[in-house]
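The values are calculated or read from the model by the stated rules, or taken from the named source; none is laboratory data. This is a predicted model, so every value here is computed, not measured. Here the Cβ positions follow ideal geometry from the backbone for every residue, glycine too, while neighbour counts run over all protein chains shown. Accessible surface areas use protein heavy atoms only, side chains included; no ligands, DNA or RNA. Shrake-Rupley method; radii C 1.70, N 1.55, O 1.52, S 1.80 Å.
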Amino acid sequence: MRFLFKTDYEDDIRLFPHSGYVVSYGLLLAVLLIAPYVLSSYLMSQLVFVCIYATVGVALLILTGFTGQASLGHAAFLAIGAYTAAYLQTYNVPFPVYFLAAGLLSGCIGALVGFPALRLQGIYLVIATISFAFIVEEILARWESVTNGNEGMRIKALDLFGFTLGRDGYGFYVVCLALLVAVMLGALNLLRSPTGRAFLAIRDSETAARSMGVNLAVYKVMAFSISAAITGLAGCLYAHKLSFVSPEMFTLLLSLEFIIVIIIGGVGSLHGAVLGSIFVVMVDPFLTLLKDDLPGAIGRLAAGLGASPGGAAGIEDMLSRIGGAPGLKGAIYGIIIIVFILFEPAGLYGRWVKLKLYFQLFPLYKKATFRRQKTYVKSERNR
């Protein structure tokens, strides 16, 4: 177990607390760069989605995890970034230009959304962001001269400095990974800055933050803008990955997936965004297995246990209908959220921290080490 003795105030805001972080993250980055050479094309495609989802997860953490502002409308910002890339590509605008334009436009619209949301909190802010997502989806469907309506828009392959990067190629994967690493490093530096400290103060107690001179309006709008801009950048790469965008792709269910990313991974940690994105991206293959393979396996098992052929076939047919029922994915997401909120509120990263500390302190570990503490001040108990 490593003990850190801090002798300077700068020690509290170091990007890497000690050399072990540099070595471990360096090895992890090397593994991620080598992974496409040893993985199948399907798993490599899933890795790209993990990078994109994790980028959106970091953006949502800045707004929800670090500033305490809830949002169920981030699919709209993703759509704005995707459609900005699709529209500018029709005019042969180079990738670096429309990539930055996607982030800039999303950030400006995020700031506009942040202004009306200043006086809203809790469920009312959630309703406002959902309404914004519905408005954007309707605009995308009806503004046919720009978005081509419900017919959608095709996206050409990414062209970067004369190199064409296919959506399933190694180069595109490196671009997505580079964006994720850059966003995470930027978020870490943001948290070490006065702006990041103001975000955390607003999350913990708006009353205390206001009393210390923090301008709530400025920092809340700034959090919305930064979060939306990062999501817009991810939306540009998301459009290139799918090579086609249409309004029905950016629904409330997609926003719910982003919320699940930070809830499952851990609301208070950037590592949680990556862990949560891995979990969410791999849910679809699991549901496919559940829908296609599990009914037949259970039917064969029932037949092997002595059930009549007609009864085994009936069981298989019933499970197939359940697996193909509409809304199954949303129902499973709801169950996952409830389970994590009730039994693992700190998410997967919180569980990893507990396991690591358990082995570090064994046999001196105490069960009360991670007992949750109340974070509100006395003046806010009855609000």
Looking at (1) closer than 17 Å to PHE99 by Cα; (2) at pLDDT below 90; (3) out of contact with any strand residue (DSSP E or B) (no Cβ under 6 Å at 6 or more places or on another chain), can you tell me which one PHE250 breaks?
(1)
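Answer yes or no as to whether CYS108 is within 26 Å of LEU158 (Cα to Cα), in a helix (DSSP H, G or I) and in contact with a Cys (Cβ under 8 Å, 6 or more places away or on another chain).
no
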Going by what's in this entry, would ALA133 be described as on the phi < 0 side of the Ramachandran plot and free of Cβ contacts under 8 Å to residues at least 60 places away in the same chain?
no
Residues of the stretch 333-383 that turn out to be under 20 Å from GLY272 (Cβ atoms), of a type in the set (A, V, I, L, M) and either modelled with pLDDT under 75 or part of a helix (DSSP H, G or I) (or both), as a count
11
Looking only at the stretch 88-102, how many residues end up being of a type outside the set (A, V, I, L, M, F, W, C), over 19 Å from THR147 (Cβ atoms) and either part of a helix (DSSP H, G or I) or free of Cβ contacts under 8 Å to residues at least 24 places away in the same chain (or both)?
1
Hey, ALA187 part of a helix (DSSP H, G or I) and either under 15 Å from the mean Cα position of the chain (by Cα) or touching a residue at least 40 places away in the same chain (Cβ under 8 Å) (or both) or not
yes
Among residues of the stretch 88-105, those that are surrounded by 15 or more Cβ atoms within 10 Å (Cβ to Cβ), under 24 Å from the mean Cα position of the chain (by Cα) and either within 11 Å of ASP159 (Cα to Cα) or not aliphatic (A, V, I, L, M) (or both), counted:
4
Return the total of residues in the stretch 34-63 being open to solvent by 60 Å² or more (accessible area, probe 1.4 Å) and at pLDDT 85 or above.
3
Which one is least open to solvent (accessible area, probe 1.4 Å) among residues in the stretch 8-32 that are at pLDDT 70 or above and of a type in the set (Ser, Thr, Tyr)?
SER24
So which of ILE52, ILE80, ILE34 is in contact with a Lys or Arg (Cβ under 7 Å, 6 or more places away or on another chain) and assigned to a helix (DSSP H, G or I)?
ILE52
Which numbered condition LEU252 fails, given (1) out of contact with any helix residue (DSSP H, G or I) (no Cβ under 6 Å at 6 or more places or on another chain); (2) surrounded by 23 or more Cβ atoms within 10 Å (Cβ to Cβ); (3) of a type in the set (A, V, I, L, M):
(2)
Residue list for the stretch 210-223, filter: assigned to a helix (DSSP H, G or I) and closer than 25 Å to CYS108 by Cβ
LEU216, ALA217, VAL218, TYR219, LYS220, VAL221, MET222, ALA223
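Within the stretch 233-243, identify whether any single residue is surrounded by fewer than 18 Cβ atoms within 10 Å (Cβ to Cβ) and modelled with pLDDT of 85 or more, and answer yes or no.
Scanning the stretch 233-243, I find at least one residue that is surrounded by fewer than 18 Cβ atoms within 10 Å (Cβ to Cβ) and modelled with pLDDT of 85 or more, so the answer is yes.
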Determine which member of the set THR147, THR129 is more than 27 Å from SER40 (Cα to Cα), buried (at least 17 other Cβ atoms within 10 Å of the Cβ) and more than 20 Å from the chain's Cα centre (by Cα).
THR147
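Evaluate the following for GLY196: is it in a loop (DSSP other than H, G, I, E, B) and among the small types (Gly, Ala, Ser)?
Criteria not met by GLY196.
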